Amino acid sequence: MEIRTATMEDLDAMASVEKECFPAAEAATREEFEDRIRCYGNHFYLLFLDGKLVSFVDGFVTDQPDLTDEMYEKADMHQEDGAWQMIFGVNTLPSYRKHGYAGMLLEKAIQDARAQGRKGVVLTCKDKLVPYYSKFGFQNEGVSESVHGNVVWNQMRLEF
């Protein structure tokens, strides 16, 4: 098992995993991942098994306290010295789920955000995943303003 941050060489593998994990209306495109890696590749957490990408977590850092739809599309909004680590995606290939891989990556993102002096971590999720993220200490702040993919999202925050 290898856990590391992203490089441009990971672009196609990440786009492929994303496509398997999210419906088209919600999934980031290859071009969006290219922008994201360019702007904040050090805020991607990738997990490989035998050289195959099976799970990843990504999101940028900002002083804005709430996750907005605009953030998904504008990687250049990243502020390396920002107060909040946003999480845009938690992806694990379906055949590799229920092994704790996403949890390992979330813990790593949380640990790094804490070590970097952030105020905390913010993500959005569907209703069915609220209990999952609560296990990591995230508090549900209710339905977010996000309409990403024409879905209802809950904003969750882990404040340090």
Exercise. Among (1) under 14 Å from the mean Cα position of the chain (by Cα); (2) within 17 Å of Val54 (Cα to Cα), where does Cys125 come up short?
Worked result: (2)
Exercise. In the list Ala27, Ala15, which residue meets the criterion of being in a helix (DSSP H, G or I), small (Gly, Ala, Ser), within 17 Å of Gly149 (Cβ to Cβ) and touching a helix residue (DSSP H, G or I) at 6+ places or on another chain (Cβ under 8 Å)?
Worked result: Ala15
For this session: Using the structure shown, decide if Ser146 is of a type in the set (S, T, N, Q) and over 17 Å from the mean Cα position of the chain (by Cα).
Result: no
For this session: Check whether at least one residue in the range 55-72 is assigned to a helix (DSSP H, G or I) and either of a type in the set (Lys, Arg) or closer than 23 Å to His99 by Cα (or both), and report yes or no.
Result: no
Problem set entry | Which listed residue is in a helix (DSSP H, G or I), free of Cβ contacts under 8 Å to residues at least 12 places away in the same chain and either in contact with a Gly (Cβ under 6 Å, 6 or more places away or on another chain) or not polar (S, T, N, Q) (or both), from Lys108, Lys128 | Lys128
Exercise. So, of the residues in the range 32-54 that are in a strand (DSSP E or B), of a type outside the set (Lys, Arg) and over 12 Å from the mean Cα position of the chain (by Cα), which turns out to be surrounded by the fewest Cβ atoms within 10 Å (Cβ to Cβ)?
Worked result: Leu49
Exercise. Counting only residues that are modelled with pLDDT of 95 or more and in a loop (DSSP other than H, G, I, E, B), which one in the range 75-97 is surrounded by the fewest Cβ atoms within 10 Å (Cβ to Cβ)?
Worked result: Asp81
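The values are calculated or read from the model by the stated rules, or taken from the named source; none is laboratory data. None of the values given here were measured: they were computed from a predicted structure. For neighbour counting, all protein chains shown are included, and Cβ atoms are generated from backbone atoms with ideal geometry for every residue, glycine included.
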